[in-house]
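Contents: one structure, followed by commentary.
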Amino acid sequence: MGENLTRKIIAAHLVEGEMKAGSEVAIRIDQTLTQDATGTMAYLQFEAMGVPRVRTELSVSYIDHNTLQTGFENADDHRFLQSFAAKYGIYFSRPGNGICHQVHLERFGVPGKTLLGSDSHTPTAGGIGMLAIGSGGLDVAVAMAGGPFYLTMPKVVRVELTGALPPWVTAKDVILEVLRLLSVKGGVGKVIEYGGPGVRTLSVPERATIANMGAELGATTSIFPSDGETRRFLAAQDRERDWVELLPDQDAAYDEELYIDLSRLEPMVALPHSPDAVVPVSEAGEVYVDQVAIGSCTNSSYQDLMQVASILRGKKVHPRTNLVISPGSRQVLEMMARNGALADLIAAGARILESSCGPCIGMGQSPPSGGVSVRTFNRNFPGRSGTADAGVFLASPETAAAAALTGKLTDPRQLGEYRKVEQPQKYLIDDGLIIPPAQDPSQVEVLRGPNIKPLPVNAPLDDTLTLKVLLAVGDNITTDHIMPAGPKVLPLRSNIPAISEFVFYTVDPDFSGRAREAAGGVIIGGHNYGQGSSREHAALAPMYLGVKAVLAKSFARIHRSNLINFGILPVIFADEQNYHNCRLGDILQIENVRKQLQEGDVLTITNLSTGITFAAYHRLSPREVAIVLDGGLLNYTRNIAG
């Protein structure tokens, strides 16, 4: 039996463990990326390890999230990141150069390599044939120091694509269909590997769109083969030297299979407030639209925005609708400026934003109160747009452009003839905003602003945990719920005492004060606790407030890892009925917890407030047990090093 593409790449990078689904393995990391909302903390953690230069083949620090400079904090942190990159051997992508995933695809992605990024949408690079995985910043710091990345060996799901997309149907509609079929929990513990004759009909940017939103499935990553289309894209980026052919064996085995006939798809839309609430646009009903936002790391490529310009050329945006567009990179923006397409967008009434994440993370362009926003983004969680009661719909650039013209949610097929924009044979190449590291690091001073505070470190785990229930929440709690983003909160990412005041702020504004007073607490969660972004502040800030454990029905992959990395114990109800027996203010106790963790998978927990004793699973590997016992990955790394 042959091997699939995922297992081939893992095998080529395997450092430790057995490639058996469910077992822990460690892989060598070739490349890393960070962005500015997660990078400052990752680099402080790297610095604490005492390693003089990064040990990866390539590491890149991007500025793309916190480009809205309403105070000194973001500007100071950008200066810190640039000076840190110069000293420690990291390439630095300046503000304005573009969104990390778009730029990495254009300028750095290499088929067959491993990429670890402190952003959940790092799997975008799977569109070029990389094994690209999102993680917390501390995992990236360890990888930059030369350490392997540990993960649970995933199952591999084959998505067989046949046929070709009809007019007005796009790659975004493909991934929305996958989300409709599998749900936001359907990819947990899995890699989604795309194959079949339909793959050949998709360009690399289209593949990247599909791989990008695999994060919304909860998948470890998504990946496409590296074929002739990959070679054409790299050649157009003047990087054909990086191309290698990577295909699964013809008789490759998979754990699961899913079949999608591209020719049978139609324009889709995700309704508020979940990426898997997907229906055909034709069945969504009459929805008047206040705002359309086109861009994000999902749909801001040259191909996407040229398609929008083609649709809007010679027309005007509807009077009731506001249109904003964020190009994915400076390359995209400059090419459109030179060929006249940017003028078409401006003439149609679009507002052009800088090449950054912007509205996708609530950094500006929030919809009006109770408003409707159609976005080409990847997430539509409540409040993520910056407006708590807004209804956000996720759609393709074509569907978004149709909504901008008509003022309501519209099936783009109603616009008439479709002229698909093809990829250019040659992209504009100018890496002037990517700064290489200094040749002599001794001449570089790392510049720190007053908002960068010392890195908080947890203490080793106590032998008895007496924990007050600080909060009880339901299913699909996101990292946006736990640690909100937006222009008020994100500038505090280097200041854990300050940012901790906003933990669960949109769920319960009193949470942070209650947690500090308890001096040791537990959070009760439902299924898929911690879905969404990779922001490790959703674990680091609760740790700072004294949270010792999270007891949930199930966890999202990255957040579970982040909890472990900061010494917070993630525990799963053995019987979900006990979820209802843990109420706000109850006192839970776990005795001999260190011994229990080391001797088995079952923990015995007593609710001292009700007298009920119940079982829970920790499902930690021996390595993860050691990390939690030491109080987190940083302590563990220091201990094994010396």
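The values are calculated or read from the model by the stated rules, or taken from the named source; none is laboratory data. Just so you know, these numbers come straight off a predicted model, no measurement behind them. Reconstructed Cβ throughout: ideal geometry from the backbone, glycine too, with neighbour counts over all protein chains shown.
Please work out which one of (1) in contact with a Pro (Cβ under 9 Å, 6 or more places away or on another chain); (2) in a helix (DSSP H, G or I) is the condition E206 fails and give its number.
Answer for E206: the failing condition is (1).
So which residues in the stretch 317-367 are over 22 Å from D290 (Cα atoms) and surrounded by fewer than 18 Cβ atoms within 10 Å (Cβ to Cβ)?
E334, A337, R338, N339, G340, A343, listed by residue number.
Which of the following residues is at pLDDT below 95 and either touching a strand residue (DSSP E or B) at 6+ places or on another chain (Cβ under 8 Å) or over 26 Å from P484 (Cα atoms) (or both): G532, G585?
Values: G585 fails: at pLDDT below 95.
The unique qualifying residue is G532.
What residue, of L467, L433, L447, is within 30 Å of G567 (Cα to Cα), touching a residue at least 60 places away in the same chain (Cβ under 8 Å), in contact with a strand residue (DSSP E or B) (Cβ under 9 Å, 6 or more places away or on another chain) and not polar (S, T, N, Q)?
The conditions single out L467.
Looking only at the stretch 448-465, filter to residues that are among the hydrophobic types (A, V, I, L, M, F, W, C) and more than 28 Å from the chain's Cα centre (by Cα); which one of those is surrounded by the fewest Cβ atoms within 10 Å (Cβ to Cβ)?
Of everything passing the filter in the stretch 448-465, A459 is surrounded by the fewest Cβ atoms within 10 Å (Cβ to Cβ).
Just wondering, is there one or more residues in the stretch 177-186 that are basic (K, R) and within 18 Å of P205 (Cβ to Cβ)?
The answer is no; no qualifying residue exists.
Please find, among M1, M41, M19, the residue that is touching a helix residue (DSSP H, G or I) at 6+ places or on another chain (Cβ under 7 Å) and surrounded by fewer than 21 Cβ atoms within 10 Å (Cβ to Cβ). Steps first, please.
Values: M1 fails: touching a helix residue (DSSP H, G or I) at 6+ places or on another chain (Cβ under 7 Å); M41 fails: surrounded by fewer than 21 Cβ atoms within 10 Å (Cβ to Cβ).
Only one candidate qualifies: M19.
Could you tell me which of the residues S296, S263 is in contact (Cβ under 8 Å) with a residue 12 or more places away in the chain, surrounded by fewer than 18 Cβ atoms within 10 Å (Cβ to Cβ) and either of a type in the set (A, V, I, L, M, F, W, C) or not in a strand (DSSP E or B) (or both)? Write out each step before concluding.
Values: S296 fails: surrounded by fewer than 18 Cβ atoms within 10 Å (Cβ to Cβ).
Answer to the check: S263.
Which of (1) in contact with a helix residue (DSSP H, G or I) (Cβ under 9 Å, 6 or more places away or on another chain); (2) assigned to a strand (DSSP E or B); (3) surrounded by 24 or more Cβ atoms within 10 Å (Cβ to Cβ) does K468 not meet, given it meets every other one?
(3)
Quick check, is T221 surrounded by 23 or more Cβ atoms within 10 Å (Cβ to Cβ), touching a residue at least 24 places away in the same chain (Cβ under 8 Å), outside the structural domain of G532 (by TED's automatic domain parsing) and over 30 Å from R560 (Cα atoms)?
On the way: surrounded by 23 or more Cβ atoms within 10 Å (Cβ to Cβ): yes; touching a residue at least 24 places away in the same chain (Cβ under 8 Å): yes; outside the structural domain of G532 (by TED's automatic domain parsing): yes; over 30 Å from R560 (Cα atoms): no.
No: the conditions fail for T221.
I'm trying to understand the selection: among the residues of the stretch 282-293, which are among the hydrophobic types (A, V, I, L, M, F, W, C) and either in a strand (DSSP E or B) or over 16 Å from D173 (Cα atoms) (or both)?
Of all residues in the stretch 282-293, those among the hydrophobic types (A, V, I, L, M, F, W, C) come to 284, 287, 289, 292-293.
If the condition is that a residue be among the hydrophobic types (A, V, I, L, M, F, W, C) and either in a strand (DSSP E or B) or over 16 Å from D173 (Cα atoms) (or both), then V287, V289, V292, A293 are the ones that fit.
Just one of L181, L176, L161 is surrounded by fewer than 20 Cβ atoms within 10 Å (Cβ to Cβ) and farther than 30 Å from M49 by Cα; which is it? So that I can check it myself, show each step before the final result.
On the way: L176 fails: surrounded by fewer than 20 Cβ atoms within 10 Å (Cβ to Cβ); L161 fails: surrounded by fewer than 20 Cβ atoms within 10 Å (Cβ to Cβ).
Answer to the selection: L181.
Confirm whether L633 is buried (at least 19 other Cβ atoms within 10 Å of the Cβ) and assigned by TED's automatic domain parsing to the domain that holds A549. Working first, answer last.
Values: buried (at least 19 other Cβ atoms within 10 Å of the Cβ): yes; assigned by TED's automatic domain parsing to the domain that holds A549: yes.
Yes, satisfied.
Which members of the stretch 44-60 meet the condition of being over 20 Å from I452 (Cβ atoms), of a type outside the set (K, R) and surrounded by fewer than 17 Cβ atoms within 10 Å (Cβ to Cβ)?
Once the filter is applied, which keeps residues that are over 20 Å from I452 (Cβ atoms), of a type outside the set (K, R) and surrounded by fewer than 17 Cβ atoms within 10 Å (Cβ to Cβ), the stretch 44-60 yields P52, E57.
Which residues, counting only those in the stretch 429-446, are of a type outside the set (V, I, T) and surrounded by 15 or more Cβ atoms within 10 Å (Cβ to Cβ)?
Step one: filter the stretch 429-446 for residues of a type outside the set (V, I, T), giving 430-433, 436-443, 445.
Within the stretch 429-446, D431, L433, P437, A438 meet the criteria.
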